[in-house]
1. Can you check what the net charge comes to around Lys16, using other residues whose Cβ is under 11 Å from the Cβ of Lys16 (Lys, Arg +1; Asp, Glu -1)?
2. Between Ser23 and Lys82, what is the label-to-label distance in nm when each label sits 7 Å out along the Cα-to-Cβ direction?
3. Sum -39500 (n - 2.57) across every DSSP H segment of at least 4 residues in the chain, then divide by the residue count to get the 222 nm mean residue ellipticity, nearest 500.
4. About its Cα centre, how strong a charge dipole does the chain have in debye, to the nearest 20, once Lys and Arg get +1 and Asp and Glu get -1 at the Cβ?
5. Using Cα positions and a limit of under 20 Å, work out the aspartates and glutamates in reach of Lys5, with same-chain residues fewer than 8 apart set aside.
6. Rank Leu39, Gln13, Asn71 by how far each Cα sits towards the positive end of the charge dipole of the range 8-93 (+1 on Lys, Arg Cβ; -1 on Asp, Glu Cβ) and give me just the farthest.
7. Taking each pair of distinct Cα atoms in the chain once, what is the resulting Kirkwood hydrodynamic radius in Å?
8. Gap in Å between the Cα centre of the range 1-62 and the Cα centre of the range 79-94?
Amino acid sequence: MANIKSAKKRVKQNEKRRLINLSRKTGVKTAIKKVLDALKRNAAIEDTKKLLRDAEAKIARARGKGVLHRNTAARKISHMAKAVAHAERAATAK
């Protein structure tokens, strides 16, 4: 443990930020899983799009806060959007 007052404060701040970042990352992962699960069980396309918007918002928020790299965020959004678009095309073709 640090002995200097400012170092002690920094340790507390780092732990607080770590927990906040962990929560944001977990929220992003959960939102992504919800979208992929909806696609897997062939849920209504409107519901899937709603879940996609929610996931995109969480990813964008994490990117803005520095939890995710901008390219990682873009890649995750792109992969999900592509999967949802493919499912939508398949649903309208039936």
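1. Taking every Cβ under 11 Å from that of Lys16, the sum is +4.
2. Going by the 7 Å Cα→Cβ label model, 3.4 nm.
3. My calculation for the chain gives -30500 deg cm²/dmol from helical runs alone.
4. 720 debye
5. Glu15
6. Checked the options; the winner is Gln13.
7. Radius from the Kirkwood sum: 15.0 Å.
8. 25 Å
Since every read-out is calculated from the coordinates, none of them should be taken as a lab result. Everything numeric here is computed off the predicted structure, so don't read it as measured data. Using ideal geometry, Cβ is built from the backbone for each residue, glycine included, and neighbour counts are taken over all protein chains shown.
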